[in-house]
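Where a number appears in this text, it was derived from the coordinates with a stated rule and is not lab data. No experiment lies behind these values; they were computed from the predicted model shown. Positions of Cβ are generated from backbone atoms using ideal geometry, with glycine treated the same way; all protein chains shown enter the neighbour counts.
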Amino acid sequence: MNSDLEIIRHTTAHILANAVQNLYPQAKIAIGPIINDGFYYDFFIPEVNLSPQDFEKIEAEMKKIIEKRYKIIAKEISDPDKQIKDFLVSGEKFKAELLEKYKDQNPTLFAFIDENGKEIWSDLCKGPHLRNTGEVKAFKLLSVSGAYWHGDEKAESLQRIYGTAWKNKTELAEYLQKLEEAEKRDHRKLSKQHELFSIHEEAGPGLIHWHPKLAFLRNRVENFWKDLHEDNGYQLVYSPHIARAKLWDISGHSQFYSENMFKLAPIDEQEYVLKPMNCPFHILIFNSTLHSYRELPIRIAEMGTVYRFERSGVLHGLPRVRGFTQDDAHVFCTETQLVSEVCSIIDLINIIYSKFDLTYSVELSTRPEERIGDNSIWDMAETALKAALENKNIAYEINEGDGAFYGPKIDFKLKDAIGRQWQGATIQVDFNLPERFDLTYRDSDGSEKRPVMLHRAIFGSLERFTALLIEHYAAAFPFWLCETQIMILPIADRHNEYCEKLYTELKSKKIKCKIDSRGEKINAKIRDAQISQTPYMLIVGDKEMGENKIAVRERRKGDLGTMTLDEFLVEIKEQDL
Ligand SMILES: [Zn+2]
Ligand SMILES: [Zn+2]
């Protein structure tokens, strides 16, 4: 089951634990699992606050352990109760608790043994490990953060050291370079450089303020989305931001989602809740008239802003927030329309993602153990989702049993410019809400039927998708998403009037441009436009003005030479406006 890399990383976590206990004898060890690309280990260290400054010392200690090439051997625990006592005597209460839990499962200790056969250090673990510590060839400690035993805020505070380990130094160097690139692209960092968004203590955590540049981008994205949906048979709606608690009782959210819902003070003695989802509103719209089979499918879409309580500890930049906008839509159709509806959603997904140069992988999640609806309806829905994916020639993986209790779903995982995965679109079949809201349509034979309901979002959360765009493009957004597409740069004041004329001309063609008429040197103006990733700079001096031309610079290609405005317009004709 365990890959070579997993065994390397797992063994390195033990070496880290041994090193920390050598350096800080009061340190007690908790758990040290492997994670994506690395591992961590949790420590309880009284009176020590680890920081990245300590990593050099800890890494040096780890290297010593590696150089000693300690053999790693398994030792069966024949008397778990005695071992638990030993753990408690040495203060290893976390290990004692773990062993208590696993004592009936043939627990083992793994020990580091030196060349004389002496035991140097041991840890409770079931393996597997490398044969000796010397087989660890390339590792690095990355960060340290707070953690809690069992993740429980009321339990002991622990310190978690994250690290990575690879087969060799080349692989490690490549990984570290990728990390560095990711750090440069961090949307929170780029937001500060480019004034994109802010979060304010006065307004509350997890609530995003979109600044003009990013708001412009969002407007462009939303308009693109709205036009596309109108063209593809969706009806756009708006729904309220609050609703009576009663609505969420009907939908069932009060029972299984209440921890995430913001409850409002009673209004007219009625309980109200800030909406965590858009679905019930779209259902009310659907349900407010009688529907014949001839009208189906009905596709209701909205850029719907929802509010969900997330603990402050998990809030993070744009992707993890308390208020966000979903590009939400609900499709009501007949069973026989299901395949073609899912196919047309996939078509939309392809159009939208290719617009942003994003590729994806797909997962299909099927019926879980605990579920509503009988097997025949699950068979129908799972078969339809598979048929649609196959019809569209999309490779997918199956997550057996990972569907929601109310229906199977398709998830799209996006891949950004540096190969990282982001959560993308979902298409979710729902057998639950149509029952709860008693949705019906009149079939061709006059009988009342339940429509099939699909939830789907393509961006998911606009906030998260925008974070993806910032990092994917490293804030060098494509032309159509730039608030300033062209910066006009007069070299001296005497060129301003000519620049004004250029500005008026470009503006009449719906091109977003500005004039930098500050009293700065031209090189400083070019540098600033370059730093803010303005796609084009038009430079005007005596020569250009005399010839009725402009000197054009493009942010990546640099100097494109001198040309007339008409020639420049031909140059940018290929750009989306
Ligand atoms: Zn182990
Ligand atoms: Zn929904």
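So what J values fall out for the stretch 234-240 if you push phi through Karplus, 6.51 cos²θ - 1.76 cosθ + 1.60 with θ = phi - 60°, rounded to Hz, Gly and Pro as x?
With the stated coefficients, the stretch 234-240 comes to 8, 9, 8, 10, 10, 10, x Hz.
Just to be sure I understand the model, the point goes 7 Å from the Cα along the line to the Cβ. What's the resulting Gln53 to Ser354 distance in nm?
5.5 nm
So between Asn399 and Glu181, what do we pick up on full extension, going 0.36 nm a residue minus the alpha carbon distance?
75.4 nm
Per-residue HN-Hα couplings for the stretch 435-451, Karplus 6.51 cos²θ - 1.76 cosθ + 1.60 at θ = phi - 60°, whole Hz, x for Gly and Pro?
Per residue, the Karplus-derived 3J(HN,Hα) values read 5, 4, 9, 6, 6, 9, 9, 8, 7, 4, 8, x, 7, 7, 10, 8, x Hz.
HN-Hα J couplings of the stretch 201-210 from phi, Karplus 6.51/-1.76/1.60, θ = phi - 60°, integer Hz, Gly and Pro as x?
Per-residue couplings from phi come out as 4, 4, 8, x, x, x, 10, 8, 10, 8 Hz.
Which FRET efficiency value, to the nearest 0.05, do you get for Asn223 and Asn116 by plugging their Cβ-Cβ distance into 1/(1 + (r/R0)^6) with R0 = 51 Å?
0.10
Over all Cα pairs of the chain, how is the pair count split among 10 Å bins, expressed in % and running from 0 up to the last occupied bin?
All Cα pairs considered, the percentages come to 3, 13, 18, 19, 19, 15, 8, 3, 1, 0.
Work out how much length Thr426 to Ile73 would gain on full extension: take 0.36 nm times their residue separation and subtract the Cα-Cα distance, in nm to one decimal.
Value of the extension gain: 122.4 nm.
In nm, give the distance between the simple-model label positions of Ser292 and Ser376, each being 7 Å from the Cα along the Cα-to-Cβ direction.
Using points 7 Å along Cα→Cβ, the separation is 2.8 nm.
How large is the convex hull of the C-alpha atoms of the stretch 1-155 per residue, in Å³? Present the calculation step by step, with values, prior to reporting the outcome.
Working: hull volume 19.8 nm³, N = 155.
Normalising the Cα hull of the stretch 1-155 by residue number yields 128 Å³.
Quickly rank 344-353, 532-541, 70-79 as a protection proxy: mean count of other C-beta atoms within 10 Å, highest first. Before the final figure, lay out each step's value.
Values: 344-353: 18.0, 532-541: 22.0, 70-79: 14.5.
For the peptides 344-353, 532-541, 70-79, the packing ranking is 532-541, 344-353, 70-79.
How high is the FRET efficiency between Arg450 and Ser361 when r is their beta carbon distance and R₀ equals 25 Å, given to the nearest 0.05?
About 0.15, to the nearest 0.05.
Calculate for the chain the 222 nm mean residue ellipticity that helices alone would give, adding -39,500 (n - 2.57) per DSSP H run of length 4 or more and normalising by residue count, nearest 500 deg cm²/dmol.
Numbers: 18 runs with 203 residues, N = 577.
It comes out at -10500 deg cm²/dmol, rounded to the nearest 500.
Just the Cα atoms of the stretch 484-571: what Rg and Dmax do they give in Å?
Taking only Cα atoms of the stretch 484-571, I get Rg and Dmax of 11.5, 31 Å.
Please report, in whole Å³, the volume per residue of the convex hull around the C-alpha atoms of the stretch 300-348.
Per-residue hull volume (Cα only) is 113 Å³.
Pop the C-beta distance of Glu201 and Lys514 into the FRET formula with R0 = 41 Å and round what comes out to the nearest 0.05.
The pair Glu201/Lys514 has a calculated efficiency of 0.80.
Count neighbours as other Cβ atoms within 10 Å of each site's Cβ, and list the GluC sites (Glu not before Pro) in the stretch 1-73 that are DSSP loop with at most 13 such neighbours.
Answer by residue number: Glu47.
Going by amide H atoms built from the backbone, whose H comes under 5 Å of the H on Ile572, apart from near neighbours?
So Ile572 has HN proximity to no qualifying residue.
Can you give me the Kirkwood hydrodynamic radius for the stretch 119-165, using every pair of distinct Cα atoms, in Å to one decimal?
13.5 Å
Would you give the gap between the C-alpha center of the stretch 50-112 and the C-alpha center of the stretch 410-453, rounded to a whole Å?
48 Å
Per 0.36 nm of contour for each residue apart, how much would the distance between Glu174 and Lys189 grow if the chain were fully extended, relative to their Cα-Cα spacing?
3.2 nm
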